[in-house]
Each structure stands twice: as structure tokens, then as C-alpha cells.
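Written below as C-alpha cells is the structure these notes are about.
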Amino acid sequence: MTEVRDLSSQKAAAAIDSSCQYGLFASSKAYKKGDAILSESPLIILKHPSEPDKVRSQFDKSCFAAKKKPSNDKDEKDDNIIIDLTLPASSTKDLTAHHIKKIKGLALAAASYAMHRPNLTDETKEKLFQLYHPSTNNQGDGVSDEEKSALKLVNQALKICQQIAAPDTSLNRLVQDAKGADELINLLLIYSCNAFEGGRIYHRLSRANHSCNPNAIVGGSSSGDDDDVSVLKAACDIAEGEEITISYLGSYLYAGYPTRQRVLKDSKYFTCQCDRCSSTVHSDLASCLPCPVCHPRTGRYLDEDVMFDEGDEGDLTVSYATPKNGMIAEERSIECKGCNKITSFNPNEQSMRKKKEAACVNYMNKAEEKVYDRLEGNDSVTSGSDGDKNLDVEKEANEQFYEMATSICGAKHWTTHFMNLSLIEESLANFQSTFMSMGQNAAEDAETMEELLTGIAEAADGIERAWMYASGLNLKTDPSQWLFDYTVGLARALVSLGDAKSQQYAAQWISKVEDYAEAFESDGMQKVVSSLKNAWKRHTSSEGEESDKKRQKVD
Ligand SMILES: C[S@@+](CC[C@H](N)C(=O)[O-])C[C@H]1O[C@@H](n2cnc3c(N)ncnc32)[C@H](O)[C@@H]1O
């Protein structure tokens, strides 16, 4: 899967033999954490023309013809075209909702390509079609099941495009022609395996392999002036000749093995073979759970102390068990260093104790799947028609999933931290509007302020735990990559409380992400970080007194 290529040589990077599966960059020199390795603009952006009016109308006309539904909705331009796109019922009757969503995404990428195609230079096209993609003509033994499913989806998308492309549009001309259809199939496979966020495909960045312990990060340009320039930066010191890898997982980089594999199979059509996944020597630290053998659980549930405490401090001694890497969820055995026992899920276990242990492993696996489905919106939580009610239903569901994760998997398992962070995100998002709405009624304000302060304290506690969890995974990337937004959000809330003590506390939080911001965030974000850090220094006596008074009402 890897090929060592000299990044400093344009010639080497361009001289690519399209018959082999290229690996990725290996550095031709050593890099220090934060060094820029490569900056690149995309070859093409297969946009989903959701927002910008102009692109969207161009897109409608050039591909599906403008068949706008009559609407009085002034926000219609913000509708997502993926949702609007109607596929013929006959072609989707055997497909799941998930596959329909994927096929719509492919149909839109096809339409976007058809629209851009006349303006692409031969050189751009050549570079684009050199990128790795599963072969279309050899679907035999050498091809993985994931790649076969990618090809199947792409073929389904092509057939659907042939049915829905409006006459005399660029998409229709492309799909009705045999050569054009072949070109599109290859393009969609390339898109499936190589596109970054927003449908951006790069000549060189798209060749970076994935690792669940990557040594590089792709971000925007530091000035933030050019949205389309992406920069590959060293996430840690990288030795000369080392392969440069990135993560395709987003925040799921911090999830356990089965979930990471599921995301990669589903979104990028491969089984990950990185060191973190294939090593059976190391344990899956993202899935530590109190040992089902030596922890006195009641059935599948944990007692409260273990649910919410780390277990390393004070009187509470809990042995944690960790699953081995490189096993699918149902086959994972978990090992406890405390009692030296190995537990696995075996539905045929006879003894009561073994049955109980097996149930724990089984419940942990199920909890992982359920949390992933909740986070991805694939679960059965239904929303009513009333907007506020929907939010309440969502919030309640998130709270229930958080309870489930803490009580089944415990304080050191990824599911607990992910669910807690989604509750924290919601509470920080509501903070500003609630805070601003105060000032009408003193008694109500006091109550609201108390709730806000409790919310902030809970958020600080949850984010602190997530930091401990992420640091404990010992990945090469800084945990700030995952926790930056939460940490900045918390600091913002603390600063808006206005009193010097809260602002000083905000500065302590910000110091956790300061180095990361300097190395990886845009100039604009660095300014935000430094102003949050220095807010308490600017705290003038008059502003301070006022806010201190506001707080004193509840203290
Ligand atoms: C964007 S391309 C990366 C470059 C590609 N390896 C090449 O040869 O040009 C993504 C494809 O690389 C392969 N790949 C990347 N990371 C991998 C990993 N950790 N384990 C297995 N295959 C991987 C998969 O075939 C995946 O579909």
C-alpha cells in the first residue's frame, strides 16, 4: 500500500505509473511538529451545490434541468439538494435509506463533474484519472468485498443518472455515451476513494494513506484567505524516509477498533491495516472497561462510582480490561491485567459466571454500535413536526445514550466520552443565547444563572475527562485536534461570565490548546485564542464589578 516518493521533486510526483496502487508520500527530509509539508489546491471540487444560489441554479440547469418545486420558502436556497433529489422509486425499492443517501451523493458528484468537465484541462484530467481507485474490469479474487460494493454502488448511481438526467444537459450527454459512462464510473470510484471534505480531490494530498495513528494533519491555509488551499502539516516530529499518513476518520480517530473499521469500510471501502489496527500485541485503549471478572458488576451494569469516576484515584480500585486489537466486535476477547483473566463473548457458555462475563462483552459491543448509530443519526429516534419538541427529543435521547454508555462501558470507554461531548456541545451552544436573554426578572435570573453555572461546571468536568482519555491513547496527534472546539467553547462561556476569576479559569483552559492553535489553526483562530487567554488581563474594574455583582446574586 505504500510507495516512497520524493516530495521535493515535482518530476517524481508527476511521473506516476497508473497501473500500480501508489502509496504515499514518504518525506525526503525530517519534519518538526507543525512544519508545513505541502500546500495544494484541489484538482477539482465536486461540490454539492447546496448554498450558493448561482452554483445551484447552474447545476440544476446543466444536469437535472430546473424543475423547481413551487415554494414560498425564502430559505429555500439553503435546502440541501441531496434531500431534494428524487430518485425513481423503481430503482430504489430494494435499497436501504443509507444506500439511497450514498447514491444521491454519487449522482450529485457525477452531475458536478459533468458541469466542470468542459473547463478541465487535459493535464488536470490526466492527474485526476491517475488517482487510485478499484479496478472496473477485474472484480475477481484480488478485489476486496468493500471495493466490490463501491463498484456496485457506483454502477447503481450511473443507471440512476441515466434515468434522471434531463435531456440536453451536460450530465445527460455524458451518461448516454458509452465512453462517457465509462469515464464517469472511473471518476465516481476516484471520488469515493480520494475525495476530502466538500468533494475536494487533490493530485498529491489524495495519495496520503490513512493511519489510525497518523503523523500528519490536513488543514486550511493559515491566513484563511484561500478556502481551497489545503496544507499538510507534521502532527509530530517525522523522521526522514518515514511514511506520511493522515486520518480519514474525523473524530472517530478517538473511537475503538470496530467503529473505526466500520467507518472506513463504509466511507472509503477498505479494511484498515495500519499499525494501530493490525497489532495484536497492543490493546485497544479506546475501549477500556471495568473488568467483568474482577469488578463486582451487577449483571451488565456498573455501580455509580465506576460509571463516573476514573478509578485511579482515592479508595476506588478498579481493574480495567482492554480488548485486543485487530478483531471484529463479536470476536474480541478482553484481557484484564488485574486478574489476568481473558473474557470473550460466547453465547454457548454454560456456567453462570461465564454467562455473566459474556453478557458484559456482548453488551459493550452492542453499546458501541448503538452509540455510533446515534452519533450518525442512523438510529430510530424519531422527530415530531414541532421544532422545539424535536430538540427536546434529541436531547433526551442523547442523555439516555450517555447513561447507557457510562453504565455499560464506564468512564474510560470512547462511547462515554463521545456521548458526553455531544451533550456538552449542546449546552455550550445554548449558553450564549440564555445568558443574553437574562436581565428581565431578578428571581428568574438567579435561577437561570445557577443553571448556567452548573452547566459550565459539568462541561468543564466532561472536557477535562475527555482530555485525560485522549492523552491516554498515546496517539501521535495532539488531542487538541479533537477537543479544540469544545475547549474554546468552554473558554468563551467562562469569559462571558465576566468576572475575573472565571476569565482567569478560561485562560487556564486556553493554555491547553495554545500550542496547537499556533501550529495548526488559521491566523483568525489564533487571534480568538489569544483574546480569550488575555481577557482577564483586560478585565477593567467597572466591567468586572458589574459582572461580579451579577454572579454574586447567585453565590
Ligand atoms: C486516497 S487513496 C490513498 C492512496 C493510495 N494508497 C494510492 O495507492 O494511491 C485510499 C486508498 O488507499 C488504500 N489505503 C489507504 N490507507 C490504508 C490503510 N490504512 N489500510 C489499507 N488500505 C489503505 C485503500 O485502498 C484506500 O481506498
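Note on the stretch 272-290: among residues that are away from the ligand (no atom under 16 Å from the Cβ) and not in a loop (DSSP other than H, G, I, E, B), the one that is farthest from C193 (Cα to Cα) is P290. Any residue in the stretch 325-335 that is at pLDDT below 80 and farther than 30 Å from E399 by Cα? The answer is yes, given that some residue of the stretch 325-335 is at pLDDT below 80 and farther than 30 Å from E399 by Cα. Among the residues of this structure, P167 does not count as one that is out of contact with any Pro (no Cβ under 9 Å at 6 or more places or on another chain) and under 30 Å from V371 (Cα atoms).
Residues Y269, Y202: which one is in contact (Cβ under 8 Å) with a residue 60 or more places away in the chain, within 16 Å of the ligand (Cβ to nearest atom) and crowded, with 23+ Cβ neighbours inside 10 Å?
Details: Y269 fails: crowded, with 23+ Cβ neighbours inside 10 Å.
It is Y202.
Put simply, of L232, L264, L249, L253 the only residue that is out of contact with any Asp or Glu (no Cβ under 6 Å at 6 or more places or on another chain), closer than 29 Å to S135 by Cα and within 9 Å of the ligand (Cβ to nearest atom) is L264.
For the structure I just gave you, tell me whether E183 is away from the ligand (no atom under 16 Å from the Cβ), closer than 30 Å to I160 by Cβ, out of contact with any Ser or Thr (no Cβ under 9 Å at 6 or more places or on another chain) and charged (D, E, K, R).
Yes.
Every residue in the stretch 205-221 that is touching a residue at least 40 places away in the same chain (Cβ under 8 Å) and either buried (at least 20 other Cβ atoms within 10 Å of the Cβ) or in the same structural domain as S112 (by TED's automatic domain parsing) (or both), please. Before the answer, list the steps.
Of all residues in the stretch 205-221, those touching a residue at least 40 places away in the same chain (Cβ under 8 Å) come to 205-217, 219-221.
The answer is L205, S206, R207, A208, N209, H210, S211, C212, P214, N215, A216, I217.
All conditions in (1) surrounded by fewer than 14 Cβ atoms within 10 Å (Cβ to Cβ); (2) not in a helix (DSSP H, G or I) hold for Y132, with the sole exception of (1). Of everything in the stretch 280-314 that's modelled with pLDDT of 80 or more and of a type in the set (S, T, N, Q), which residue is surrounded by the fewest Cβ atoms within 10 Å (Cβ to Cβ)? Checking each candidate, the answer is S283. I'm trying to understand the selection: among the residues of the stretch 103-139, which are among the charged types (D, E, K, R) and touching a helix residue (DSSP H, G or I) at 6+ places or on another chain (Cβ under 6 Å)? Selection gives K104 alone.
Pick from V143, V154, V218: which is closer than 30 Å to E518 by Cβ and either within 16 Å of the ligand (Cβ to nearest atom) or touching a Gly at 6+ places or on another chain (Cβ under 7 Å) (or both)?
On the way: V143 fails: closer than 30 Å to E518 by Cβ; V154 fails: closer than 30 Å to E518 by Cβ.
One residue alone meets the criteria, V218.
Taking every residue in the stretch 246-262 that is in contact (Cβ under 8 Å) with a residue 12 or more places away in the chain and assigned to a loop (DSSP other than H, G, I, E, B) and pairing it with any residue that is of a type in the set (D, E, K, R) and surrounded by fewer than 22 Cβ atoms within 10 Å (Cβ to Cβ), at least 6 positions away or on another chain, the pairs with Cβ-Cβ distances below 7 Å are Y248/K268. Filter the stretch 506-537 down to the residues that are within 22 Å of I456 (Cα to Cα) and not in a helix (DSSP H, G or I) and list them by number. Scanning the stretch 506-537 gives no hits.
When you look at D168, is it loosely packed, with under 13 Cβ neighbours inside 10 Å, acidic (D, E) and within 16 Å of the ligand (Cβ to nearest atom), yes or no? Considered against the rule, which asks whether it is loosely packed, with under 13 Cβ neighbours inside 10 Å, acidic (D, E) and within 16 Å of the ligand (Cβ to nearest atom), D168 comes out as no.
If you go through the stretch 402-428 and pick out every residue that is more than 21 Å from L473 (Cβ to Cβ) and either surrounded by 24 or more Cβ atoms within 10 Å (Cβ to Cβ) or in contact (Cβ under 8 Å) with a residue 40 or more places away in the chain (or both), you end up with 2. The residue pairs whose first member lies in the stretch 117-133 and is closer than 24 Å to A150 by Cα and assigned by TED's automatic domain parsing to the domain that holds N186, whose second member is hydroxyl-bearing (S, T, Y) and away from the ligand (no atom under 16 Å from the Cβ), and whose beta carbons are closer than 9 Å, counting only pairs six or more residues apart or on different chains, are R117/S170.
The values are calculated or read from the model by the stated rules, or taken from the named source; none is laboratory data. Just so it is clear, the model here is predicted, and its values are computed rather than measured. Heads up, the Cβs are rebuilt from the backbone with ideal geometry, glycines too, and the neighbour counts pull from every protein chain shown.
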